Amino acid sequence: MTIRLLLADDHRMLREGLRRSLTDEGFDVVGEAADGEEAIQLVDELRPDVVLMDVTMPNMDGVEATRRIREQIPDTKVVMLTMHADREVVAEALRAGAVGYLVKDCSTEEICEAIRMAVQDDAALSADIAASMLDEVHRIDAPGDPHVVTRREEEVLQLIADGCSTVEVAERLFISQKTVKNHLASIYQKLDARDRTQAVLSAVRMGIVHLS
């Protein structure tokens, strides 16, 4: 299956460069947006699999656009690609529903991998982003109930927090990928999370897992 992409960035030259690079890698770039409002409109019209979204754009920023896209068209995933590595910006983007967060000095290979993982609901957390998340969740005082999930679900959550994919979790725990996905579905329900990023945020806040 060819992954359909929408590029959202107010810098035309960057969009053109990304279009060429990602097309060469086999992706189908179905549209480009110069601001957050246009991104929402084009996602509604084109229904891409993934939006590669900048944070700072005119009219509406990428975080708010991400929030609205995830509310209105939840099947479309959003990966942030931005110059901003500030922990507050990262946390806001993740809370808005972004499943990946990359800074613009990353390689084309890293962007491609993040896009593929987003489609699989399998976005890994980089060390820098994990550190940002840890700083953010430490601001929340209420520890919650660390016993809300089972011991096996704790193991799955810890490996996800360590950056493992579904395949890697299955291999390390000697279980099937389907079983991992079943555990994740149970975790999402128990922690009231939309995806693995929110689940990890909640689990760290509650003391269930730890970020290294």
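Figures for the structure shown
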{"read-out": "Residue match in segment 130-148 (condition: in a loop (DSSP other than H, G, I, E, B), at pLDDT below 85 and surrounded by 16 or more Cβ atoms within 10 Å (Cβ to Cβ))", "value": "no"}
{"read-out": "Qualifying residue in segment 174-193 (condition: within 21 Å of E113 (Cβ to Cβ), at pLDDT below 90 and in a loop (DSSP other than H, G, I, E, B))", "value": "no"}
{"read-out": "Which listed residue, of T76, T108, T66, is assigned by TED's automatic domain parsing to the domain that holds G17, touching a Ser or Thr at 6+ places or on another chain (Cβ under 7 Å) and of a type outside the set (A, V, I, L, M)", "value": "T108"}
{"read-out": "Selection count, segment 74-91, where residues are in a loop (DSSP other than H, G, I, E, B) and in contact with a helix residue (DSSP H, G or I) (Cβ under 9 Å, 6 or more places away or on another chain)", "value": "4"}
{"read-out": "Segment 77-91, subset buried (at least 21 other Cβ atoms within 10 Å of the Cβ) and out of contact with any Asp or Glu (no Cβ under 6 Å at 6 or more places or on another chain), residue farthest from I40 (Cα to Cα)", "value": "V90"}
{"read-out": "Residue among C106, C112 that is under 26 Å from A34 (Cβ atoms), modelled with pLDDT under 80 and either in contact with a Lys or Arg (Cβ under 9 Å, 6 or more places away or on another chain) or not aromatic (F, W, Y) (or both)", "value": "C106"}
{"read-out": "Pairs where the first residue, in segment 179-202, is free of Cβ contacts under 8 Å to residues at least 60 places away in the same chain and the second is of a type in the set (G, A, S) and not in a helix (DSSP H, G or I), C-beta under 8 Å, 6+ apart", "value": "I187/A193; A199/A193; S202/G144; S202/A193"}
{"read-out": "Tally, over segment 92-109, of residues that are among the aliphatic types (A, V, I, L, M), surrounded by 20 or more Cβ atoms within 10 Å (Cβ to Cβ) and either free of Cβ contacts under 8 Å to residues at least 12 places away in the same chain or not in a loop (DSSP other than H, G, I, E, B) (or both)", "value": "4"}
{"read-out": "Strands (runs of 3 or more DSSP E) wholly inside segment 1-73 containing at least 3 residues that are free of Cβ contacts under 8 Å to residues at least 40 places away in the same chain and crowded, with 16+ Cβ neighbours inside 10 Å", "value": "28-33"}
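The values are calculated or read from the model by the stated rules, or taken from the named source; none is laboratory data. The structure displayed is predicted, hence computed values, not measured ones. Neighbour counts run over all protein chains shown; Cβ positions are idealised from the backbone, glycine included.
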